[in-house]
């Protein structure tokens with residue numbers, strides 16, 4: 001086995017050390033993918049993957065699907081079959097993305113999108129700014145039988161120098177919003193960064209998410225991996241999650257349909273778009289003090305100013321690593 005990379009960021013989504021804890025609203029360079037070829041470790045399930053073409057969910061910004069394989073049109077991909085008409089006509093799937101107005105970046109170096117600042121190119125990189133664009137990107141990829149990697153903050157990803165075949169899909173635009181539709185409710189887009197979400201809620205006098213203020217991930221990944229620390233996780237506060245399936249079809253999962261466990265959920269086979277959370281009302285000053293305390297601890301105990309992915313160990317089954 002060449003590499004074991006396990007970021008303690010629960011989505012994705014576990015505590016990790018790339019975020020500047022003292023300034024939760026400060027923008028940090030976007031960070032993307034776990035790719036080791038044969039074999040590599042899936043941090044979300046802590047298993048070695050050694051079959052090209054296998055689709056797995058990884059922890060990262062939004063729920064992440066990854067497919068490792070040498071070909072763009074991989075027969076084993078679960079999400080669709082190649083569109084022979086498109087192939088025979090000479091139009092590539094990347095051209096189709098361009099025609100749809102998605103402005104794909106060809107051979108985009110993923111080193112630009114990872115906290116490690118390393119990683120080769122993705123065949124095509126698209127940032128979907130709204131639901132229509134995200135759905136279109138998935139439909140094009142499905143029609144061409146192209147593997148898709150969902151990319152968030154990228155703070156738990158190690159990308160091989162050869163890069164990633166297929167489409168890398170990130171979210172931006174409306175997915176970065178944090179809104180407050182009710183007295184105890186917050187709706188967060190999948191591309192909203194967890195630290196910013198926590199601080200925005202604290203400023204509204206809403207408590208519950210303070211323990212994850214240092215998690216350097218996006219909300220989508222945090223949901224997929226049930227981001228948390230020993231003091232709390234995001235799962236218990238989730239009322240519903242909006243997703244897209246591999247065909248680009250929308251679905252909203254209610255709390256009764258969601259399963260959150262230690263650093264995992266049942267969201268791994270979907271692209272998370274947004275989530276509705278119900279928090280606890282409290283005194284703003286008290287909540288902000290708790291946030292500051294967690295930030296201070298992280299700053300003292302983790303190398304937050306370095307390019308890293310936090311923890312690099314594999315969690316043993318059913319036992320806390322610190323024991």
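Read-outs: derived from the displayed coordinates by stated rules, not from any lab. All values reported here derive from a predicted model rather than from experimental measurement. Note that each Cβ is placed from the backbone with ideal geometry, even for glycine, and that neighbours are counted across all protein chains shown.
Key figures
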{"read-out": "Per residue, the convex hull volume that the Cα atoms of the range 177-301 enclose (Å³)", "value": "95 Å³"}
{"read-out": "Burial ordering of 126, 148, fewest other beta-carbon atoms within 10 Å first", "value": "148, 126"}
{"read-out": "Cβ-based exposure ranking for 201, 218, in which fewest neighbours within 10 Å come first", "value": "201, 218"}
{"read-out": "Percent RCO, i.e. relative contact order, over the range 177-301, from Cα pairs under 8 Å lying at least 6 residues apart", "value": "32 percent"}
